[in-house]
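The values are calculated or read from the model by the stated rules, or taken from the named source; none is laboratory data. Predicted model, so just to flag it, every value in this text is computed and none were measured. As a convention, Cβ positions derive from the backbone with ideal geometry for all residues, glycine included, and neighbour counts pool all protein chains shown. What goes into the accessible areas is simple: the full protein's heavy atoms, side chains included, and nothing from ligands, DNA or RNA. Shrake-Rupley method; radii C 1.70, N 1.55, O 1.52, S 1.80 Å.
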Amino acid sequence: MASQLAKPPTRDEADQNSNPSIVPGASLLLALRLASRPILLIGGGLVASQRLYFLLESDAHITLISPSPLNPSIQHRIDDPSTSSQITWLNRPYIGRKDEVKVSDFDLVMTAIDDNDLSKEVCDLCREEKVMVNVADIPPQCDFYFGAQLRRGPLQILISTGGMGPRAGAMIRDIVLEALPPNIEEAVEGVGLLRADLRKRAPGVGGKLGQERMDWMKETCDVWGLAKMEKFRDQELRNNILDQGWDNRTIIGPKELNLVGQSWYKHFSDLISSDWSSGLGGFGFGVAVTSVGILLVFRYRR
Ligand SMILES: C[C@@]1(CC(=O)O)C2=NC(=C\c3[nH]c(c(CCC(=O)O)c3CC(=O)O)Cc3[nH]c(c(CC(=O)O)c3CCC(=O)O)/C=C3\N/C(=C\2)[C@@H](CCC(=O)O)[C@]3(C)CC(=O)O)/[C@H]1CCC(=O)O
Ligand SMILES: NC(=O)c1ccc[n+]([C@@H]2O[C@H](COP(=O)([O-])OP(=O)(O)OC[C@H]3O[C@@H](n4cnc5c(N)ncnc54)[C@H](O)[C@@H]3O)[C@@H](O)[C@H]2O)c1
């Protein structure tokens, strides 16, 4: 039988009283923000090159210890001026406890070496110093696991099988990739821009304003839906729903947008073409908007 979905309490009162049972054994899935943080990577083969790739994308600073020759992809990142400043390469083997490089100077430690005894020593050292460690391929020596990843700009998804089957994880990742709508990256970017503009109008943390901001954002997301959120990338449209919506503490969905005096035709045609579900219904709505628009344009001209 399938186990339950993870469902922590929400603001919904019914949810708060349901107290679903705790199913132990999960990993805590987090999105680590590592910009400029010191990470120690030991090893210079293929697996280390994969670790390095993800660390570079997260803007970390990596101290890499491994004798040459390195995996060509690692050598490339060290030579490439766009990434070289993020890497300090020590061209020598790591020697464990007696090494002058101390694990306690790092936020995370990763090893990808073909030496099990040394890997175990690194793991022991890290646990003594309470530094989180990943020893590639040796689950008992991992405080965190890697997973199959996909990235579409700001959107990141990680599939973990809890160590059961990394290959299966990669296959599940490919299913997710196939299922994602084509404009998902633009949708996430759009909502990010709207949130940033909203914060400029309503700055600060917490309090009544913070709650209003969150409620408005939640409802605006719900009424626009993922399919149309890419429209938020348009500055004029964002101004519109903030002027008419946020400033009046009301929700402006695609249907309520007052497009008069704006480049309304562009918005109108975009809205129709991007709606994944509406066909003729959208056309009907479009005709209505056009008629109202024309009527109002006439009124303005008088
Ligand atoms: C997801 C991915 C991320 C990455 O490493 O970047 C990843 N392994 C990947 C591939 C892969 N690894 C292995 C194979 C060969 C086929 C096979 O054995 O299945 C393949 C397939 C291939 O190469 O295609 C061998 C292997 N791996 C581990 C063991 C030990 C064990 O299971 O006991 C053994 C057996 C060693 C042996 O038999 O001697 C252990 C771990 N591997 C993990 C992650 C963590 C759990 C992830 C999870 O919870 O799902 C964990 C626990 C620790 C860690 O290393 O973090 C990456 C795919 C990314 C992608 O394709 O996008
Ligand atoms: N989790 C995964 O996805 C996964 C997949 C395949 C293999 N692995 C495991 O990861 C490890 C590395 O795999 P690989 O394919 O990159 O191996 P590899 O043999 O290509 O690379 C090993 C690297 O470690 C370096 N090295 C060895 N001793 C060192 C030391 N004392 N100090 C610094 N560097 C040292 C070597 O110079 C080499 O660059 C292996 O143990 C392998 O079993 C993990």
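Brief remarks follow.
- The calculated FRET efficiency for Lys98 paired with Ala168, based on their beta-carbon distance and R0 = 35 Å, is about 0.30.
- Solvent-accessible surface of protein heavy atoms, probed at 1.4 angstrom with all chains present, puts Val135, Val188 in the order Val188, Val135, largest first.
- Averaged over residues, the count of other Cβ atoms within 10 Å places the peptides 84-91, 12-19, 42-49, 151-158 in the sequence 42-49, 84-91, 151-158, 12-19, highest first.
- Applying the Karplus relation 6.51 cos²θ - 1.76 cosθ + 1.60 with θ = phi - 60° to region 21-28 yields 3J(HN,Hα) values of 5, 7, 9, x, x, 6, 8, 7 Hz, where x marks Gly and Pro.
- Taking each residue as 0.36 nm, the span from Asn19 to Glu57 lengthens on full extension beyond its C-alpha to C-alpha distance by 9.9 nm.
- Ranking by accessible area, most exposed first, for His61, His76 with a 1.4 Å probe: His76, His61
- Using the Cβ-Cβ distance between Asp105 and Asp12 with R0 set to 45 Å, the FRET efficiency works out to roughly 0.50.
- Entry note, region 38-145: relative contact order of 27 percent, from Cα contacts under 8 Å with a spacing of 6+ residues.
- Only protein heavy atoms count here; under a 1.4 Å probe, Ser73 has an accessible surface of about 50 Å².
- Each of Leu55, Leu29, Leu226 has its accessible area taken with a 1.4 Å probe; listed largest first, they run Leu29, Leu226, Leu55.
- Karplus-derived HN-Hα couplings along region 61-70 (A = 6.51, B = -1.76, C = 1.60, θ = phi - 60°), whole Hz, x at Gly and Pro: 9, 10, 9, 10, 10, 5, x, 6, x, 8
- Of Lys208/Lys228; Lys7/Lys208; Lys228/Lys255; Lys7/Lys218; Lys231/Lys255; Lys218/Lys255, pairs whose Cα-Cα distance is over 22 Å: Lys208/Lys228; Lys7/Lys208
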